[in-house]
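The values are calculated or read from the model by the stated rules, or taken from the named source; none is laboratory data. These numbers were taken from a predicted model, which means no experiment stands behind them. Every residue, glycine among them, receives a Cβ derived from its backbone with ideal geometry; neighbour counts consider all protein chains shown.
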Amino acid sequence: LQGTHDNYKIDHFKKIMTQNLQQNRSFVENVFSTVFERYDVMNDLMSFGMHRRWKQRLLNIMRPSNDQSLIDVGCGTGDICELFSKHTSNETKILAVDPNINMIEKCKKRLGHLKNLELKNLFFQDME
């Protein structure tokens, strides 16, 4: 019986989270559609430029090499994709995913020259 009760709790939690995500989806899309043009500047201002160091530290931890690929979920304008690409060859696959089409378009303008970059406009729920 305990297993059945646990499954019910998990299913109930999933249902609530799915409903929550659906309700917040349009809010999140609207926020990022509003700020996408100034997203990088806003990151610099809000983090006092620290986000650049955090991203570089992430790459140092990852230690990218040509035998790795990258999936950047919530890629925004592509900062991490760009850093990863600088550490690897143009043959290393990079998949950039973001729920906001404006962010994807800005990433495409910024990094469209990368032949190994694939861009996907997907929301979390679309990825199931």
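Observations on the structure shown:
- Near pairs, Cβ below 7 angstrom, 6+ apart or cross-chain, from region 39-58 (at pLDDT 90 or above) to any residue that is not in a helix (DSSP H, G or I): none
- Subset of region 86-113 that is small (Gly, Ala, Ser) and at pLDDT below 95 - its residue that is farthest from the chain's Cα centre (by Cα): SER89
- Whether a residue is crowded, with 20+ Cβ neighbours inside 10 Å, within 30 Å of ASN24 (Cα to Cα), out of contact with any Lys or Arg (no Cβ under 8 Å at 6 or more places or on another chain) and of a type in the set (A, V, I, L, M) was assessed, and LEU117 passes this test.
- Inspection of region 64-84 finds no residue satisfying the criterion of being touching a residue at least 24 places away in the same chain (Cβ under 8 Å), farther than 30 Å from ASN20 by Cβ, touching a strand residue (DSSP E or B) at 6+ places or on another chain (Cβ under 8 Å) and among the aliphatic types (A, V, I, L, M).
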